[in-house]
Each structure stands twice: as C-alpha cells, then as structure tokens.
Amino acid sequence: DNVKYKDPKQPVAARVKDLLGRMTVDEKIGQMVQIERLSATPDIVRRYFIGSLLSGGGSVPNPEATVADWINMVNDFQNGSLSTRLGIPMIYGIDAVHGHNNVINATIFPHNIGLGATRDTDLVKRIGAATAAEVRATGIPYAFAPCIAVCRDPRWGRCYESYSEDTKLVQNMTDVILGLQGEIPKGSRLGVPYVAGKDKVAACAKHFVADGGTTRGIDENNTVANQHELLSIHMPPYYDSVIKGVSTVMVSYSSWNGKRMHANRDLITGYLKDKLNFKGFVISDWEGIDRITSPPHSNYTYSVLASITAGIDMVMVPNNYIEFINDLKYLVKNKFIPMDRIDDAVSRILRVKFTMGLFENPIADFSMVNEVGSQPHRDIAREAVRKSLVLLKNGKQGSEPVLPLPKRASKVLVAGSHADNLGYQCGGWTIGWQGFSGNANTTGTTILTGIKSAVDRNTEISYMENPNTDYIKSNNFSYAIVVVGEHPYTEMFGDSSNLTIADPGPNIIRTVCGNVKCVVVIISGRPVVVEPYLSMIDALVAAWLPGTEGQGVADVLFGDHEFSGKLSRTWFRSVDQLPMNVGDPHYDPLFPYGFGLTTKAV
Ligand SMILES: OC[C@@H]1[C@@H](O)[C@H](O)[C@@H](O)c2nc(CNc3ccccc3)cn21
C-alpha cells in the first residue's frame, strides 16, 4: 500500500518522520521498552507495543533448545508485534559476546582479553562476521557486543570482556563492529548506524562510559577520573565505534566521580549524541535505571525521569514493564518529560530498525541453520586460540627452550583441573550466565583432546588431574603439561582481591613441576598470581579463556604454528601493586604489557 513508512524505496528519514507522525503516546512509549523473554508472551508484546525483547545470560527457549526452537520463539514474539495497528517489528537482543554463547553447539571464540593479545584486527572482523551469521541463524538480529571497556584493574570481574588496558588497542579492536554489522560501502556517510543485511546484526558498544575504570575494579562501582583521563583513556573507543556505524550504545551501571552513568545527561546527550554525533539508540543495562537510586528501585518514578532525561532511548526494564510504562506516561502527560525527548528516542529506535531492514524482513527463516557451530567458524576460532596464547617463559635459566614440544615421546603426563573441562576453558557468559563446568553442556574440543590428537600415535598420554609424587616418579614421563587457572565467573561474581589460581592448581604445579619437566598453561580471564611458582616452571603459557576450539592450544605447544601472542595487559608481580598499567610512573611488572616470546613453527 502507499503508506510512506512501509515503502523501502523511501529514505529512512522520511519513513521515520511518517511513522512517528502516526504513533500514539502509548505506541511511542512501547518502542522504548525492552523486556526479558521470560516476562513476555506474543499477546503482551502486542498489547503494550513492546519494541524489543532480550535473552539475559542463560535465558533460553528450553534447556535443550535447537536452532529451530530459537527461530520459532523469536518469530512467535515478532508475530505479536506485527499484529499491532502499525505493525512495527520488535528487535530481539542477546549477549553474543564471544560467539553466540547462549546457544548449544555454537562456536565459542576466545574472550576479548585473548583477542587483544592477537593484535589481529582482520581476525577480529572475521570473528564478528561469523558471530553475526550464527546469531542471525537463530532469528536474532541484535547482539549486545562488543564490550569496549578499557579495563584498568584486573581485580574487576569483567576484565576478560575488555580487549586491553591500552586505549589504542581497544580502539583498533572496534573493527569487530564491521564484522558484526558489515563493512560500510565506499562513499556511504560515516558515523550513522549501518547494518548490511540478513546475515548481519545490529551491534552494541558497551558500557558507556569508563566501566573499566572503577575503584579497585569493583563491578558497577565508581570511576574516579578527571575529564582528561575520562576522555583519553575510556572515551576514544566510542569515537571509533560511532565512526564505524555502531547501531546502539549501552550505558554502564558504574558512576563517574559519584554520578551514576544512567543519569548522566552531560555524557549521554551532551557528549555521545551532541558531540560525537551518535545517531543510533542508547539502551540501558538490565535494571540499570533502578540502580540510579540506592537502594535500587527505591524511587522508580525518579529513575525513569532521570534516565530518559539523560538521553537513554530504550530501557532494558526487563520485567516490571507495566510500572515503567505507567511512570513514563505520567511523566510525559504532566510535562516532566517533553514530547520531543520521546520523539528523539523513538526516532533513533525506528532509524535503526529501518536501516537494518527489519521492516522488510521481520520474520526469520531456516536458511542459515547450518551456520551454528560450522566448521569454517570453528577454524576461525582455532586460529584465534593459536594467535591469542602468550608464551611467558620457555626454559629455565641457562637451559634449552622447552617449546615447541616433541610430538614423539615415550610417555607424557597431562595434569590439572582445566585440562579436560570445556566449561572452564570457555569461561563466563557460556550456556549459563556464569558459565559451566564439565564437557556435557555444548560441543567443542578440550585441551586434552587437542593434545591427544596432536602427538605421534606411539606417544602415550597419561591424564591425571591431580597426580601425587609417587605416580609421577614411578612413570618416568618425558615431560608434563599442567593446565590450571580460574573457574568461570561473570560480572560481580568475578571481582577478586587476591587473583589466585583456583585450588588445587598451585599444588598441582608444585607436585608436577617439582618432579618432571613441565609446561604450565594458565586458563584465566586475567593475569593471576604466578610469581611464587615461576622458578619451578620450565615453560609458562597464558591461554586466557580460549573457548570451544581447544585444539588451538596444542597447535602452538607442538610447533604446528608459532607462538605470536603479546600481552594485552600488564602481568603484575603482586596484587599489592594494583592498579598498575603500561605508562604508569611506578611500573614494575612480572611481565610487561606487549611481552610475548615467540617460537618457530617446525
Ligand atoms: O544480558 C544483558 C546485559 C548485558 O548486555 C550487560 O553487559 C550486563 O551488564 C548485564 N548484566 C545483566 C544482569 N545483571 C544482573 C546482576 C545482578 C543481579 C541480576 C542481574 C544483564 N546484562
């Protein structure tokens, strides 16, 4: 029909203007609401004109959900939106932060700290594209990624979600947006939202701003920084993200100099929208507006007023949507919030939806189901694992290098809590919000499996998680590989003041390395305490959180590929030194930012 907003040949601006002019206050406010799928039904989505839904960490259609289950769930909600008067499609968002990590059998890539160690922006772009394909395969067009935090203290539970402590490296890694959303065609306007098509997703630069600078790395806490530090350390990656066409920006739970970011109009509107000219939409974090007050939700009307006035366009409510809608309607009706603020928010949301083609393709099909966990994607992930590992020590003082290890050996010991645990090697944000333990929850290759398939068929591999001295002495092993580290964690559950390797890791290092030549591989979301054990270790590898393609670890241990990774963050000597970042006056690390030994492929 000749309704302008439904005509894809019309310019986006004209479609936005036409549609906005037809919308009631209820329909406008509905577009600003994002609710958790667990609180939604297609009928609720229709009745309240809900503009967006999400899966929070681990929120899945059913525990054994197939790709088809995901597609059908998203389409059911979408049909609720399409059955409204104006038929505005909803946009479904999910945390695909290292692959499509809520989905069984999806490819899980190394977390961002490892990708920073690769320094490979082309690789990161390919990871973005593979992730977008797997997300769209399940019918979802929006990913709450990338996290572009500049983590300045590894005691922060989310430090592994940060590419680096170095602002420039994080800025370079925003190329992942071009993978997620698509390369911007030559001659196109820069700095406006861009999503190439049905195999790409709208991305989300998060969390605005200075989430990685909180005091002692306490999650959701206060970042004390002057204007120069804010704009030189934490803000630059947003400039790059906007120029690369990022469609959305998510606000940080944290505060800047005591002011909650979710209520910070100077930075959200004054800087991001007016100075950086961001034209996409700004989304809150989960109950982020509730946490403006303490205790949270103690004055929800004020939370709504302060956050919408600050410039937040879409609110990840995620459950009490009736309260949110009633409060916002009250504030608009009584002129506490001007209608042109609502119109700005809705225009930004509609601009993203029109630009990404959601009006033309609101219903997902089954044409991409084979993208999920595809071998080409797993090969990219394996390449990323190889390139992310950082070789910190290769042979004791005055002795020969240990790596690359010989594939031919009579007997090899593989030990450690993290050698054969897919959940541990993936880390947080995997299947469950807090990750998982064991090998049952999804498909992939453990580090042990990778070692077994790499060595010569006559080499005997003995796997013993926590061997005792007698066992080691009586077996005359050629060498041992010890894989230990941190257990999975997410957000505040990862905040740590001691940064130690999980027990019994330290004892396994002592027992094994005290009796046989050992290579220690550390699985962690950040640098951890290793100084006390360093002298007894022959070779030391930082593997971060490699994801499902654990084969990549063996690829470099046995010399099929060289070690090339460089530290993306400073490896401290002791936690008493923290915070300590490259460029600081008192810089006395165990291994400095940028450090990484290399080996030659054999
Ligand atoms: O999963 C949605 C967002 C995610 O994109 C943000 O990066 C992250 O900050 C985030 N956290 C939650 C839930 N957080 C929470 C923390 C404590 C209790 C309940 C929920 C949801 N989300």
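Between Phe336 and Asp69, the FRET efficiency estimated from the beta carbon spacing at R0 = 30 angstrom works out to 0.10. Once the Cα-Cα distance is subtracted from the 0.36 nm per residue extended length, the Ser59 to Lys329 segment shows a gain of 94.3 nm.
Extension gain for the segment Ile322 to Ser410, taken as residue separation times 0.36 nm less the Cα-Cα distance, is 24.9 nm to one decimal. With Cα atoms defining each centre, the range 243-283 and the range 165-198 are spaced 18 Å apart in the structure. Would any residue of the range 474-500 have its amide N under 17 Å from a label point 7 Å out along Cα→Cβ of Leu534? List them or say none. From the range 474-500, the list is 499-500.
Normalised by the number of residues in the chain, the average gap of Cα pairs under 8 Å and 6 or more apart makes the relative contact order 17 percent.
In terms of other Cβ atoms within 10 Å, Lys279, Lys329, Lys200 run from fewest to most in the order Lys329, Lys279, Lys200. Each Lys and Arg Cβ is given +1 and each Asp and Glu Cβ -1; about its Cα centre, the chain then shows a dipole of about 1180 debye.
Where only DSSP H runs of four or more residues are counted, the chain gives -8500 deg cm²/dmol as its mean residue ellipticity at 222 nm, each run worth -39500 (n - 2.57). Label point 7 Å out from Asp18 along Cα-to-Cβ: which residues of the range 71-115 have amide N under 18 Å? Correct set: 85-89. Note on Ile461/Thr598: beta-carbon distance plugged into 1/(1 + (r/R0)^6) with R0 of 35 Å gives a FRET efficiency of 0.85.
Helix 12-22 versus the longest principal axis of the chain: what is the Cα-based angle in degrees, 0 to 90, to the nearest 10? It is inclined by approximately 50 degrees.
In plain terms, if you count all Cα to Cα distances in the range 510-579 and split them into 5 Å steps from zero, the share in each step is 3, 13, 22, 24, 21, 13, 4, 1 percent. For His207, the residues whose modelled amide H falls within less than 5 Å of its own, excluding neighbours fewer than 5 places apart on the same chain, are Ile148, Ala149. Compute the FRET efficiency between Asn507 and Ala440 as 1/(1 + (r/R0)^6), taking r as their Cβ-Cβ distance and R0 = 22 Å, and round to the nearest 0.05. After rounding to 0.05, the efficiency reads 0.25. Between the alpha-carbon centres of the range 358-375 and the range 16-55 there is a gap of 23 Å.
What stretch of the chain, leaving out the sites themselves, is the longest with no GluC sites (Glu not before Pro) in a DSSP loop having at most 12 other Cβ atoms within 10 Å? The longest such stretch corresponds to 65-359.
On the principal axes of its alpha-carbon atoms, the chain has extents of 80, 51, 45 Å, going from largest to smallest.
If you take every DSSP beta bridge fully contained in the chain, what fraction is antiparallel? Give it as a percent rounded to 5. Intermediate values should be presented prior to the final figure.
Working: 10 of 54 bridges.
About 20 percent, rounded to the nearest 5.
For Trp433, Trp256, the sequence from fewest to most other C-beta atoms within 10 Å is Trp433, Trp256.
Relative contact order, whole percent, for the range 216-302 stands at 31, derived from Cα pairs under 8 Å and 6 or more residues apart. In summary, the lysines within cross-link reach of Lys186, defined as a Cα separation below 19 angstrom excluding same-chain residues under 8 places away, comprise Lys125, Lys200, Lys244. Taking the number of Cβ atoms within 10 Å of each Cβ as an exposure proxy, the fewest-first ranking of Asp456, Asp560 is Asp456, Asp560. Taking every alpha-carbon pair under 8 Å whose residues sit at least 6 apart, the range 173-320 reaches a relative contact order of 23 percent.
Taken over the range 285-346, the alpha-carbon convex hull comes to 72 cubic angstrom per residue.
Our compactness index for the range 446-602, the C-alpha radius of gyration over the empirical 2.2 N^0.38 Å, is 1.09. Annotation: extensible slack from Asn468 through Arg573 equals 34.9 nm (criterion: 0.36 nm per residue apart, minus Cα-Cα distance).
Couplings 3J(HN,Hα) for the range 52-66, derived from phi with the Karplus relation 6.51 cos²θ - 1.76 cosθ + 1.60 (θ = phi - 60°), are 7, 10, 9, 9, x, x, x, 8, 10, x, 6, x, 10, 4, 8 Hz, where x marks Gly and Pro. As I understand it, the value is the acute angle between the Cα axis of helix 321-333 and the longest principal axis of the Cα atoms of the chain; what does it come to in degrees, rounded to 10? For helix 321-333, the angle is close to 40 degrees. Model label sites at Asp7 and Thr41, defined 7 Å from Cα along the beta-carbon direction, differ in position by 3.9 nm.
A short reminder: the numbers here are calculations on the coordinates, not readings from a lab. Please read these numbers as outputs of a predicted model, since none were measured by experiment. Virtual Cβ from ideal backbone geometry, glycine too; neighbours counted across all protein chains shown.
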